[in-house]
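I have placed the structure first, in the form of structure tokens, so that the comments after it can refer back to it.
The values are calculated or read from the model by the stated rules, or taken from the named source; none is laboratory data. All values derive from a computational prediction rather than experimental measurement. In this analysis, Cβ positions are derived from the backbone assuming ideal geometry, glycine residues included, and neighbour counts consider all displayed protein chains. Side chains included, ligands, DNA and RNA excluded: accessible areas come from the protein's heavy atoms. Shrake-Rupley method; radii C 1.70, N 1.55, O 1.52, S 1.80 Å.
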Amino acid sequence: MNWIDIGHIDDIPERGARLVKTRAGCVAVFRTGADEVFAASDSCPHKGGPLSEGIVHGRHVTCPLHNWVFSLETGEAQGADEGRIATYPIRVEEGRLLLDAAELAARSAA
Amino acid sequence: MTQKLVVIGAGMASGRMLEHLFDADPDAYDVTLFNAEPRGNYNRLMLSPVLSGDKTYDEIVTHDADWYAANGVTCRFGERVVEIDRARKVVVGEQGEVPYDKLVLGTGSNPFMIPLPGHDLEGVIPYRDLEDTQAMMGLGDTPGARAVVIGGGLLGLEAAAGMAARGIDVAVVHIMGHLMERQLDEAAGYLLRKSLADKGITVMCQANSKEIVGENGRVKALRLDDGTELPCDLLVMAVGIRPNIKLAETAGLATGKGIHVDDRMITSDADVLALGECVEHRGAIFGLVAPLYDQAKVLASTLLGEEAAFVNKEVSTKLKVTGCDLFSAGDFAEGEGREDIVFRDPARGVYKRLVLQDNRIVGAVMYGDTADGAWFYNHIKEGTDVADMRDTLIFGPAFQGGGTADPLAAVAALPDDAEICGCNGVCKGTIVEAIEGGAVDLGAVRATTKASNSCGTCTGLVEQVLAVTLGDDFAMPAAQPVCGCTDLTHEDVRRLIKSQELKSQPAVWQELGWKTPNGCHVCRPAVNFYLLADWPLDYMDDPQSRFVNERNHANIQKDGTYSVMPRMWGGMTDAAELRAIADAADKYGAAVKVTGGQRIDLLGVQKEDLPDIWRDLNAAGMVSGHAYSKGLRTVKTCVGKDWCRFGTQDSTGLGIRLEKLLWGSWTPHKVKLGVSGCPRNCAEATCKDVGVVCVDSGYQVSVAGAAGMEVKETEPLVNVTTEDEVVEWVTAFIQLYREQAKYLDRPYKWVAKVGLDWVQETLGDRAERAALVERFEISQSVYRTDPWAAEVAKSERYAPLANLMLEAAE
Ligand SMILES: Cc1cc2nc3c(=O)[nH]c(=O)nc-3n(C[C@H](O)[C@H](O)[C@H](O)COP(=O)(O)OP(=O)(O)OC[C@H]3O[C@@H](n4cnc5c(N)ncnc54)[C@H](O)[C@@H]3O)c2cc1C
Ligand code: HEM
Ligand code: SF4
Ligand code: SF4
Ligand code: FES
């Protein structure tokens, strides 16, 4: 584990997301209405829609291009659609967002 | 041999510790007790009931003079300890020194005072001790007294409610989006705010204090950063506490946020112990009394040489304000693998939410009915596996089987004089009467009462009244609910938002019994639109409830870049604008396209560049064309009588006038207009949402056209003789559409549902038309602004949060 400080939770709008550029591709960092934080791949497995631009509801995000819905916890597409986005370990400490760089590096090497 | 124990601070924690100590071994120590406050131990929690008048100070004293005498405690009350000399093992009080064998620090915490200009004025106080409480109580004797409380947390709200109970006019200013954000979620915060409003307390959320205004050295008002001024005779700051560690720090003890203690409550000096709000234990600091009592027990044992260890447990919170029944425990944020169970009973104002992880309850928030709070709290502390009772868990321990939230409850709860059919002014009582008189289906109710006989949007509601009145005898036709989050239809939701005056998203989720915490991508944009259309001055548009194009004020393209389209009023432009567009195209590498809407599109702009290109276009006098919005798009015009030999009126001028009037307004779906200067119709006005065709005698206004996947000619609405009349009719039509239509219904679909006759009849009424125009103008006073200019001001949002491309890969 190698936790990197990527910013403050208040840098992300509630029920919104921001992007982090990494070697493993763009990672979207989501903040839910209950101030939970999740990190996942920004790219929709359907046609590459930018998930950080989707509507965040409960612990789900809806892709802005064709409305696929993904669980932010498991990364699984919901309902009839089949697909999965990679999720990454992230935690919040006193408002600071910490992303696990070791995990990202492992993915980009793989 | 009796040892000397000195205790600094006669607070909640040290008082409890002394009880344990004397219970176990009354003769072990000779105790000297210092307290800066001029009194002994009292129950600080109960200051709030003292403030509201439910208790007196005498009733909350926990240890009186007799108790100290009986236990041989030397009291040095009203005396502050100024120094600890650890080398000599003495404590220095204001009146002299006392030696110790063991020393206990229980100095509590200091209220945090925001260093706003004017914070040192007279009449600006914290809420911590009896003196503060008395200052607030004293204000109640002045008729017409006003107070402002900064901070919408536990303390601030108890102060506010206590003062309100004494007849003081109180306003609470809170910086966050909802009250008690650390203990409550949005939904519970909404209900709390409602209860406080019922007590006459003004609550302002997302309000930023800027300055405290004084007069002759005394507080006079609080000024917010938006310029609002709240007059007050007393200002209470309740924005948080800081452990009181100064004494310990100066004495060279190890401190962080608080005084460091180990599991036995011993500081970095083996003879100095500490407990209460002044300590830091394994990184945690404390603000509620329950864990402090555990510390008191441990510290007493340690003093007696027994083995004991403090373990920090989950705490639960209740607010001590009559009529505000809330409960919060555990953790309901942050973490993966969690699920929610939500229960709402809008009629009773009840909200409950449990957060589960691995079949265990990890958090609970409830409002309105907290009877089961202790039971849930117990399961949180015990880590009970709740898999077997999961389905019925939310109903609490008394659950007997059956029973789910009733979707008809909202209708059942409506009073008899609630208006059901707005068109014909029929109220619930009349309909119930008709049903009881034998009108047992929709057709019969329509025939007898005229309800749902006109525009028809209340049909769903009439059916629900039938269902509530007839019970099982009525088979409800399957209405199409908005989405899986609710059983209500769009029409239901719109009507209830108006009739129940729901002015925020949490209000809608709660009062209409939503099944999800905050909706989904289907219902949230719709609800956001309904709220802003119905309550333009009360509701603030929520960008997080909008689709990407409307949130980013540009059209996302298939490769993730955006297109940027400035307005060209009525399709007119000039050389300066074209030059600025050409410069922008060069600078940001955009492709340039002339659109079907008579303007110029810049395609292929990167998200990060959006604020910059907008700033450049703004500088040349151009604003957003809203080519992305459910709102006014373009007003297409022809050159008209200024140039064309057939032209009858100034079609270009009228188009520009309409566009300048309507731009920025949000509508259920996009709206396009066209104005042609003669029936040759070069602006193709008769396939628009609203089309105007100029003729010699005036203007033909037609509506409800379409030219998309479906193509449909407009239908004539009215013929008028002046431009002013055109403007009035078009504005009224758009406003009626905004107030009535279902989200994502284009005008032609909406008109097909309600009938052109009804639209003509409604708009034909002069007073109604004027009222619609007036409501449109009120809304436009908020929304007729350029979103680009506003976004440029917060441009950092468009950049990535972080760039880890350069991080060393391990
Ligand atoms: C109005 C109000 C309502 C509250 N309601 C609740 C509630 O409902 N539930 C809950 O769990 N908690 C509540 N709390 C919080 C709770 O009261 C505190 O957590 C608790 O009192 C802390 O106890 P303590 O012994 O650490 O400090 P305190 O009770 O603050 O005692 C510290 C004492 O040390 C004295 N002192 C400080 N420095 C010196 C010095 N140098 N020399 C001599 N004496 C000194 C101070 O004068 C003070 O009397 C409330 C607090 C307030 C103010
Ligand atoms: C993602 C979907 C769509 C995109 C990105 C899109 C984009 C555009 C753009 C950029 C324009 C130029 C408009 C202007 O100057 O403001 C345009 C014009 C137009 N669009 Fe679309 N559009 C979409 C969907 C639709 C749909 C669903 C319809 C029909 C219901 C439609 C009907 C039209 C028509 C008729 C015009 C020409 C307007 C005129 O000549 O005045 N479009 N579209
Ligand atoms: S619509 Fe009539 S007035 Fe307008 S340009 Fe065409 S012919 Fe001329
Ligand atoms: S007509 Fe179709 S392809 Fe062309 S811009 Fe409109 S939506 Fe896109
Ligand atoms: S690209 Fe995400 S749903 Fe199509």
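Here are a few things to note about the model shown:
- Top-ranked residue of the stretch A:1-14 - restricted to ones that are surrounded by fewer than 23 Cβ atoms within 10 Å (Cβ to Cβ) and assigned to a strand (DSSP E or B), ranked as nearest to the other protein chains (Cβ to nearest Cβ): A:Gly7
- If you filter the stretch B:763-804 down to residues that are among the polar types (S, T, N, Q) and closer than 27 Å to B:Asp541 by Cβ, you find that the one that is modelled with the lowest pLDDT is B:Ser795.
- Scanning the stretch B:417-440 for residues that are at pLDDT 80 or above and exposed (fewer than 14 other Cβ atoms within 10 Å of the Cβ) yields B:Glu436, B:Gly437, B:Gly438.
- Qualifying residue in the stretch B:682-701 (condition: surrounded by fewer than 23 Cβ atoms within 10 Å (Cβ to Cβ), free of Cβ contacts under 8 Å to residues at least 40 places away in the same chain and either within 16 Å of ligand 2 (Cβ to nearest atom) or not assigned by TED's automatic domain parsing to the domain that holds B:Gln760 (or both)): yes
- Whichever residue in the stretch B:46-57 is touching a residue at least 40 places away in the same chain (Cβ under 8 Å) and part of a helix (DSSP H, G or I) and, among such residues, is surrounded by the most Cβ atoms within 10 Å (Cβ to Cβ): B:Leu47
- Filter pass, B:Pro543 being surrounded by fewer than 21 Cβ atoms within 10 Å (Cβ to Cβ), in contact (Cβ under 8 Å) with a residue 24 or more places away in the chain and either out of contact with any Gly (no Cβ under 6 Å at 6 or more places or on another chain) or of a type outside the set (A, V, I, L, M) (or both): no
- Filtered residues of the stretch A:34-50 (kept if under 23 Å from B:Asp340 (Cα atoms) and either open to solvent by less than 20 Å² (accessible area, probe 1.4 Å) or basic (Lys, Arg) (or both)): A:Glu36, A:Val37, A:Phe38, A:Ala39, A:Ala40
- Candidates are the residues of the stretch B:232-275 that are in contact with a Cys (Cβ under 7 Å, 6 or more places away or on another chain) and hydrophobic (A, V, I, L, M, F, W, C); the one that is nearest to B:Ala221 (Cα to Cα) is B:Ile245.
- Number of the condition not met by A:Ala17 [criteria: (1) within 8 Å of chain B (Cβ to nearest Cβ); (2) in a strand (DSSP E or B); (3) not hydroxyl-bearing (Ser, Thr, Tyr)]: (1)
- Taken over the stretch A:68-95, the criterion of being part of a strand (DSSP E or B), charged (D, E, K, R) and within 16 Å of the chain's Cα centre (by Cα) is satisfied by A:Glu76, A:Arg84, A:Arg91.
To keep it simple, each residue is scored yes or no on (1) among the β-branched types (Val, Ile, Thr); (2) part of a helix (DSSP H, G or I); (3) touching a Pro at 6+ places or on another chain (Cβ under 8 Å); (4) within 16 Å of ligand 5 (Cβ to nearest atom).
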| position | (1), (2), (3), (4) |
| --- | --- |
| B:Tyr628 | no, no, no, no |
| B:Thr634 | yes, no, no, no |
| B:Lys641 | no, yes, no, no |
| B:Cys644 | no, no, no, no |
| B:Ile656 | yes, yes, no, no |
| B:Lys660 | no, yes, no, no |
| B:Pro679 | no, no, no, no |
| B:Ala683 | no, no, no, no |
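- The C-beta contact set for the stretch B:515-536 (first residue farther than 19 Å from B:Thr667 by Cβ, second residue part of a loop (DSSP other than H, G, I, E, B) and polar (S, T, N, Q), distance under 7 angstrom, 6+ apart or interchain) comprises B:Lys515/B:Thr486; B:His521/A:Asn67.
- Taking the stretch A:26-57 as the range and being more than 9 Å from chain B (Cβ to nearest Cβ) and in contact (Cβ under 8 Å) with a residue 24 or more places away in the chain as the test, the residues that pass are A:Ala28, A:Phe30, A:Arg31, A:Ala39, A:Ala40, A:Ser41, A:Ser43, A:Cys44, A:Pro45, A:His46, A:Leu51, A:Ser52.
- The single condition from (1) under 23 Å from B:Leu744 (Cβ atoms); (2) open to solvent by less than 10 Å² (accessible area, probe 1.4 Å); (3) part of a helix (DSSP H, G or I) that B:Ile581 fails is (1).
- Being in a loop (DSSP other than H, G, I, E, B), more than 11 Å from the chain's Cα centre (by Cα), more than 14 Å from every other protein chain (Cβ to nearest Cβ) and not aromatic (Phe, Trp, Tyr) holds for only one residue in B:Gly214, B:Gly200, and it is B:Gly200.
- Hits in the stretch B:755-810 - residues which are under 36 Å from the mean Cα position of the chain (by Cα) and of a type in the set (D, E, K, R): B:Glu768, B:Arg769, B:Glu774, B:Arg775, B:Glu777, B:Arg784, B:Asp786, B:Glu791, B:Lys794, B:Glu796, B:Arg797
- Residue count, the stretch B:25-45 (criterion: open to solvent by 50 Å² or more (accessible area, probe 1.4 Å) and outside any loop (DSSP other than H, G, I, E, B)): 3
- Among all residues of the stretch B:623-645, there is at least one that is touching a His at 6+ places or on another chain (Cβ under 8 Å), under 17 Å from B:His553 (Cβ atoms) and basic (Lys, Arg).
- Segments classed as strands (runs of 3 or more DSSP E), wholly inside the stretch B:99-173, with at least 3 members that are crowded, with 18+ Cβ neighbours inside 10 Å and touching a residue at least 24 places away in the same chain (Cβ under 8 Å): B:102-105, B:146-150, B:169-173
- Candidate set from the stretch B:514-530 (those that are assigned to a loop (DSSP other than H, G, I, E, B) and facing chain A (nearest Cβ under 9 Å)); member that is farthest from the chain's Cα centre (by Cα): B:Val522
- In this entry, B:Arg769 passes the filter for residues that are of a type outside the set (A, V, I, L, M, F, W, C) and more than 14 Å from chain A (Cβ to nearest Cβ).
- Search result, residues across the stretch B:546-575 that are open to solvent by 20 Å² or more (accessible area, probe 1.4 Å), outside any loop (DSSP other than H, G, I, E, B) and either more than 30 Å from B:Trp643 (Cβ to Cβ) or without any contact (Cβ under 8 Å) to a residue 60 or more places away in the chain (or both): B:Asn549, B:Asn555, B:Ile556, B:Ala575
- The criterion of at least 1 residues that are among the acidic types (Asp, Glu) and within 25 Å of the chain's Cα centre (by Cα) is met, among strands (runs of 3 or more DSSP E) falling completely within the stretch B:262-369, by B:338-345.
- When the stretch A:93-109 is limited to residues that are open to solvent by less than 30 Å² (accessible area, probe 1.4 Å) and modelled with pLDDT of 90 or more, the one that is farthest from the other protein chains (Cβ to nearest Cβ) turns out to be A:Leu98.
- Selection status of B:Tyr588, open to solvent by 10 Å² or more (accessible area, probe 1.4 Å) and not assigned by TED's automatic domain parsing to the domain that holds B:Gln780: yes
- Residues (more than 7 Å from ligand 3 (Cβ to nearest atom) and within 13 Å of B:Thr652 (Cα to Cα)) located in the stretch B:671-685: B:Leu673, B:Gly674, B:Val675, B:Ala685
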